[in-house]
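Below are the structure tokens for one structure; questions will follow.
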Amino acid sequence: MQATLAEIVQALGGKLQGSPDTVLTCIMPLSLATPQALSFLSHARYAHELQTTQAGAVIVSPESAPLVHSSDVAGVAGVAGVAHLSRPKPALIVTPEPYLYYARLSQWWAARIRENDHARVAREAVAGSAAHPNPLIHPSSVVHPEARVAASARVGPLCVIERGAVVGEGSWLKSHVTVGERCEVGRDCILHAGVVIGADGFGFALDAHQHWVKIEQLAAVRIGNGVEIGANTCIDRGALIDTVIEDGVKLDNLIQIGHNVRIGAHSALAGCVGVAGSATIGQHCTVGGGAVILGHLSLADSVHISAASVVTRSIAVAGQYSGFFPLDENAHWEKNAAALKQLHRLRQRILTLERENASRKEPPA
Amino acid sequence: MQATLAEIVQALGGKLQGSPDTVLTCIMPLSLATPQALSFLSHARYAHELQTTQAGAVIVSPESAPLVHSSDVAGVAGVAGVAHLSRPKPALIVTPEPYLYYARLSQWWAARIRENDHARVAREAVAGSAAHPNPLIHPSSVVHPEARVAASARVGPLCVIERGAVVGEGSWLKSHVTVGERCEVGRDCILHAGVVIGADGFGFALDAHQHWVKIEQLAAVRIGNGVEIGANTCIDRGALIDTVIEDGVKLDNLIQIGHNVRIGAHSALAGCVGVAGSATIGQHCTVGGGAVILGHLSLADSVHISAASVVTRSIAVAGQYSGFFPLDENAHWEKNAAALKQLHRLRQRILTLERENASRKEPPA
Amino acid sequence: MQATLAEIVQALGGKLQGSPDTVLTCIMPLSLATPQALSFLSHARYAHELQTTQAGAVIVSPESAPLVHSSDVAGVAGVAGVAHLSRPKPALIVTPEPYLYYARLSQWWAARIRENDHARVAREAVAGSAAHPNPLIHPSSVVHPEARVAASARVGPLCVIERGAVVGEGSWLKSHVTVGERCEVGRDCILHAGVVIGADGFGFALDAHQHWVKIEQLAAVRIGNGVEIGANTCIDRGALIDTVIEDGVKLDNLIQIGHNVRIGAHSALAGCVGVAGSATIGQHCTVGGGAVILGHLSLADSVHISAASVVTRSIAVAGQYSGFFPLDENAHWEKNAAALKQLHRLRQRILTLERENASRKEPPA
């Protein structure tokens, strides 16, 4: 795969500084880029790398563009730059949001790498003898006759789509994906390998013998448009009302979403997060890796939870919330952890000291 | 699917107050219920919803039943009720344990929705050309000829059942389930999509080069009766003795159970829990989501671990145990976390203050 | 399966004390061993079990060997031993590292149990009609024609190996494994059921509407030799540079490895660990179960992270690091957790007390 700067700028915009005929064969970080690579400056703190990068072209903001052709960026980057006068200056694509431009470039690039991969798959399937009526459905997948898979949706190998399930236009189920009975996946979603949509929620009632009696999970899962779901992530079906993932939500790998949960549009959850049953997460929220959100809670829009934090109460105010034990050398941690188990008593002892001191301050009778 | 109150009470018991001919088409929470819905009052704190629910029928306890026909429940629920006189009062099913009744109702309901789904699957399989000798085993599954799957067990699509494995009567493996060599699944179990039974336990010895030498996991996994295992949960085979999951245990999604672990009957573990090797969990225990139980520990019966807690020692006394950092606004958390790393020294400083004060209390010479 | 001590010592070395004709049928822990069992003493703290074990043979260190034939080990083990004079003394295999010897024995034992299982699988496949050209690739697996699977590699049922992927000599993919496009698995690796290699890394840029724009993950995953990867573990492909797992790394079940991560040779990560994108872990590191390592961090060689700890900064010095809330009875935990949320203020109060006391110490004017 290769492309000229002219092709890139024509497809994605931006203001070109340099030769439109420059040929590029890959995208690389500034520090690793070769003269055949296109790179990008995502943040001013990496500006000093502009002085040393070997990249053939760099995506930059209007503010950073002048740095490429200056011989010293120390004033900007806080690093004493050494002029690499012998190095040819890279060409530039100037755009207000270089990182976003890079994201779009990566998509354009991937589409060209794929060389109409979907079409190829369809062609190969048609040529084969075991072809499914829909050539984008791999013949090894098990699709129930009463499921509805849109004509432009692609179902990779060894997926299971159960009775009454729906997969929308343009969605792509990679491999080993399960979409359970009556669950719906919207348009332009990506479900990575091993995703399980619509396993039973975890609902039981205790009987008189303290045995668990299963509560059948009668509802389903509804996933909006433009949702991406990482490998081996699980979204359980609702007990009585559907579990809902709204448009544009991004879920990383190995996430557990309990029954009846609702995740608002354009929220993003990192790997290994657990969301317990009946929790509601607002729009534009983020949840860091390994965080746990307990059941029946509600998070407002634009709430951001730090990695490995445990959310035990509803949060009504947007903002960043954290709660995890700071890492330390084990010996220090042990001492502090031991003291922590007496913290309530330490507070009492401080109070006693304060009272003693206060009584001493009183004037002698 | 629809049912009359008469049918329901005939099947599941309870005392009916209202017309036995009332037709119901779904089960819904009180707050969302329509006149065609059957609902339930699981806890007195929701009693005020009885005043406003549109449900056609409600499952209630003998204590709560009078509230439905009163015009004000403020005294009970702490909420100022407004009489909805124009609303027809719902019919009632009166039973000592409404939530348990709902659980059983959900099973009865699901069985009717399924319309003998197992039988249908078997019929379809027999009609098809690729049918497995056991019509409840999906033809896409790979079952070793030396595995034993009971006649009434159902194996969904794309499962793998290895040599010497056993699946008991009435059990249901949903899809993409793996049951490894010589592992046993009892009667009436449900294994959801992606479950892995019998992967190797994580056992290695260090050699002189500090390289890990694999310890072969020679034992297997034994799962009792009535066990339910959530999507993508893994239960490793033992090194020398079997990993054992006793009767009636319920495991949620994405749980890791290490080798040689034993989980006592009727315990329940929520999503994303990790149980390290050779741990023993008693009967009737519960473990909250994301908790970690270290290896070689023993938990007594009826021990309850809060979500996201880390169990680092054996627990001999029944009760609730917790250990996670409380969530806070990030700015507050940062200050407290910084102070926490000095907690041991703070304790020393308190001690110093106490000594100073004590010396001051001494009578002057 | 059975073996004589002579066969074992011939294969694995060690100094035999006892009859070479002793026949053994299993390996068991000292406390459970029968006269037909071979056992081992892995640590001096279990030395007292030597007095009571029924094992037919025991693997011991030169230091421990004399204990077996003494009648009292109280001085060593701290337990009052009772002489079991009627019990025949077990035979011994004396070797400097009994646990390592046991690891190697387990492999030798497993190989014999398997009775050339690979060969049998190949034979059966050749005999069957649906055989893959490579008889060690199960016919239910989907291997792209442009993937390269070495002749001695084994691919179990229902795996997916995508275009351009490589699986090296002697590696074994158990079942339901996915190896994505252009990803490489080295020699002598074991990938357990449900492993996903090469799902997309979690990379998005926010656009002006606060919607996530996907960053295509253009690189791949490279896995060295002798790597073992547990069930349902996921290793994401890199965005621009490959995610790399070096030789001899051992990953337990349900681990998430983000894009661009590098894990140094012979490191071991326990179950449910999450490693965020672009983190670098050195060689010979260990990470306990459920720990979280944030992105863009670097851990030196021989860093050891305790279970459930959160790594939020790079670690340059080898050693053990911890950070999790100590478990407590729930009532105690609640009090301490409440005090913890005021810890910063408690520190201020201590400082105030110290100032008060200091001012009092000043000599009167």
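Just to be sure, is C:Arg347 part of a helix (DSSP H, G or I) and surrounded by fewer than 22 Cβ atoms within 10 Å (Cβ to Cβ)? First the steps, then the outcome.
On the way: part of a helix (DSSP H, G or I): yes; surrounded by fewer than 22 Cβ atoms within 10 Å (Cβ to Cβ): yes.
Answer is yes for this residue.
Then there is this: Tally time: how many residues in region C:135-157 are in a loop (DSSP other than H, G, I, E, B) and within 25 Å of the chain's Cα centre (by Cα)?
As a first pass, look at region C:135-157 and keep what is in a loop (DSSP other than H, G, I, E, B): C:135-136, C:138-141, C:144-147, C:150-153, C:156-157.
Remaining after also requiring within 25 Å of the chain's Cα centre (by Cα): C:152-153, C:156-157.
Counting residues in region C:135-157 that are in a loop (DSSP other than H, G, I, E, B) and within 25 Å of the chain's Cα centre (by Cα) gives 4.
Answer yes or no as to whether B:Thr352 is outside the structural domain of B:Ala220 (by TED's automatic domain parsing), more than 24 Å from A:Gln256 (Cα to Cα) and among the β-branched types (Val, Ile, Thr). First the steps, then the outcome.
Details: outside the structural domain of B:Ala220 (by TED's automatic domain parsing): yes; more than 24 Å from A:Gln256 (Cα to Cα): yes; among the β-branched types (Val, Ile, Thr): yes.
Yes: the conditions hold for B:Thr352.
Every residue in region A:28-39 that is crowded, with 24+ Cβ neighbours inside 10 Å and not in a loop (DSSP other than H, G, I, E, B), please.
A:Leu38, A:Ser39
Looking at (1) farther than 25 Å from B:Val292 by Cβ; (2) touching a strand residue (DSSP E or B) at 6+ places or on another chain (Cβ under 7 Å), which is the only condition A:Asp301 fails?
Of everything listed in (1) farther than 25 Å from B:Val292 by Cβ; (2) touching a strand residue (DSSP E or B) at 6+ places or on another chain (Cβ under 7 Å), A:Asp301 misses just condition (2).
All but one of (1) of a type outside the set (D, E, K, R); (2) more than 12 Å from the chain's Cα centre (by Cα); (3) at pLDDT 95 or above hold for B:Ala268; which doesn't?
Here B:Ala268 meets the rest and fails (2).
What are the residues in region B:157-193 that are within 12 Å of chain A (Cβ to nearest Cβ) and polar (S, T, N, Q), if any?
B:Ser175, B:Thr178
A:Gln320 versus (1) part of a strand (DSSP E or B); (2) in contact with a Gly (Cβ under 9 Å, 6 or more places away or on another chain): which is the lone unmet condition?
Of the numbered conditions (1) part of a strand (DSSP E or B); (2) in contact with a Gly (Cβ under 9 Å, 6 or more places away or on another chain), the odd one out for A:Gln320 is (2).
I've got another one for you. Against the definition (surrounded by fewer than 18 Cβ atoms within 10 Å (Cβ to Cβ) and in the same structural domain as A:Ile8 (by TED's automatic domain parsing)), how does A:Thr52 come out, yes or no? Break it down stepwise before answering.
Numbers: surrounded by fewer than 18 Cβ atoms within 10 Å (Cβ to Cβ): yes; in the same structural domain as A:Ile8 (by TED's automatic domain parsing): yes.
When the stated conditions are applied, A:Thr52 passes them.
Looking only at region B:322-338, filter to residues that are at the interface with chain C (Cβ under 7 Å from one of its Cβ atoms) and buried (at least 21 other Cβ atoms within 10 Å of the Cβ); which one of those is farthest from C:Glu356 (Cα to Cα)?
Residue satisfying both the conditions and the ranking: B:Ser322.
Oh, and also: Taking the stated definitions as given, is C:Asp252 more than 11 Å from chain A (Cβ to nearest Cβ), buried (at least 24 other Cβ atoms within 10 Å of the Cβ), touching a strand residue (DSSP E or B) at 6+ places or on another chain (Cβ under 9 Å) and not aliphatic (A, V, I, L, M)?
Numbers: more than 11 Å from chain A (Cβ to nearest Cβ): yes; buried (at least 24 other Cβ atoms within 10 Å of the Cβ): yes; touching a strand residue (DSSP E or B) at 6+ places or on another chain (Cβ under 9 Å): yes; not aliphatic (A, V, I, L, M): yes.
Judged against the criteria, C:Asp252 is a match.
For residues that are facing another protein chain (nearest Cβ under 7 Å) and surrounded by fewer than 24 Cβ atoms within 10 Å (Cβ to Cβ), scanning just region C:298-320, find the one that is nearest to B:Arg313 (Cα to Cα).
Initial filter on region C:298-320 (facing another protein chain (nearest Cβ under 7 Å)): C:306-312, C:319-320.
From what's left, surrounded by fewer than 24 Cβ atoms within 10 Å (Cβ to Cβ): C:306, C:312, C:319-320.
Working: C:Ser306: 14, C:Thr312: 26, C:Gly319: 22, C:Gln320: 19 Å.
If we take residues in region C:298-320 being facing another protein chain (nearest Cβ under 7 Å) and surrounded by fewer than 24 Cβ atoms within 10 Å (Cβ to Cβ), then C:Ser306 is nearest to B:Arg313 (Cα to Cα).
Now, a different point. Return yes or no: is C:Ala80 at pLDDT below 95 and either crowded, with 22+ Cβ neighbours inside 10 Å or in a helix (DSSP H, G or I) (or both)? Working first, answer last.
Details: at pLDDT below 95: yes; either crowded, with 22+ Cβ neighbours inside 10 Å or in a helix (DSSP H, G or I) (or both): no.
Judged against the criteria, C:Ala80 is not a match.
Pick from region C:344-353 the residues that are in contact with a Lys or Arg (Cβ under 8 Å, 6 or more places away or on another chain) and within 10 Å of chain A (Cβ to nearest Cβ): which of them is farthest from A:Gln342 (Cα to Cα)? I'd like the intermediate steps shown before the answer.
Residues of region C:344-353 that are in contact with a Lys or Arg (Cβ under 8 Å, 6 or more places away or on another chain), as a first pass: C:344, C:346, C:350.
Applying the additional criterion that residues be within 10 Å of chain A (Cβ to nearest Cβ) yields C:346, C:350.
Numbers: C:Leu346: 13, C:Ile350: 16 Å.
Across region C:344-353, the extreme among qualifying residues is C:Ile350.
Scanning for something touching a His at 6+ places or on another chain (Cβ under 6 Å), touching a residue at least 60 places away in the same chain (Cβ under 8 Å) and in a loop (DSSP other than H, G, I, E, B), does region A:291-303 turn up at least one residue? Before you say what the answer is, go through the steps one by one.
Step one: list which residues in region A:291-303 are touching a His at 6+ places or on another chain (Cβ under 6 Å), which gives A:301-302.
Within this subset, residues satisfying the condition of being touching a residue at least 60 places away in the same chain (Cβ under 8 Å) are none.
No, that holds for no residue.
Only one of these is in the same structural domain as B:Ala220 (by TED's automatic domain parsing), touching a residue at least 60 places away in the same chain (Cβ under 8 Å) and under 25 Å from A:Cys234 (Cα atoms): B:Gly277, B:Gly271, B:Gly288. Name it. Break it down into steps so the answer makes sense when it comes.
Working: B:Gly271 fails: touching a residue at least 60 places away in the same chain (Cβ under 8 Å); B:Gly288 fails: touching a residue at least 60 places away in the same chain (Cβ under 8 Å).
Result: B:Gly277 is the single residue among B:Gly277, B:Gly271, B:Gly288 that is in the same structural domain as B:Ala220 (by TED's automatic domain parsing), touching a residue at least 60 places away in the same chain (Cβ under 8 Å) and under 25 Å from A:Cys234 (Cα atoms).
Something else now. Report, by residue number, each residue of region C:206-230 that is under 29 Å from B:Asp236 (Cβ atoms), in contact with a Ser or Thr (Cβ under 8 Å, 6 or more places away or on another chain) and crowded, with 24+ Cβ neighbours inside 10 Å.
C:Val221 - this is the single residue of region C:206-230 that is under 29 Å from B:Asp236 (Cβ atoms), in contact with a Ser or Thr (Cβ under 8 Å, 6 or more places away or on another chain) and crowded, with 24+ Cβ neighbours inside 10 Å.
Does C:Ser141 satisfy the criteria of being more than 25 Å from B:His211 (Cα to Cα), modelled with pLDDT of 95 or more and out of contact with any Gly (no Cβ under 7 Å at 6 or more places or on another chain)? So that I can check it myself, show each step before the final result.
Numbers: more than 25 Å from B:His211 (Cα to Cα): yes; modelled with pLDDT of 95 or more: yes; out of contact with any Gly (no Cβ under 7 Å at 6 or more places or on another chain): yes.
Yes; evaluated as a whole, the condition is true for this residue.
How many residues does region C:1-36 contain that are within 12 Å of C:Leu92 (Cα to Cα) and of a type outside the set (Val, Ile, Thr)?
9
Could you tell me whether any residue of region B:265-278 is assigned to a loop (DSSP other than H, G, I, E, B), surrounded by fewer than 24 Cβ atoms within 10 Å (Cβ to Cβ) and within 11 Å of chain C (Cβ to nearest Cβ)?
yes
Being assigned by TED's automatic domain parsing to the domain that holds B:Cys272 and touching a helix residue (DSSP H, G or I) at 6+ places or on another chain (Cβ under 7 Å) is the requirement here; does B:Ser306 meet it?
Values: assigned by TED's automatic domain parsing to the domain that holds B:Cys272: yes; touching a helix residue (DSSP H, G or I) at 6+ places or on another chain (Cβ under 7 Å): yes.
Yes: the conditions hold for B:Ser306.
The values are calculated or read from the model by the stated rules, or taken from the named source; none is laboratory data. All figures in this text were calculated on a predicted structure; none of them were measured in a lab. In this analysis, Cβ positions are derived from the backbone assuming ideal geometry, glycine residues included, and neighbour counts consider all displayed protein chains.
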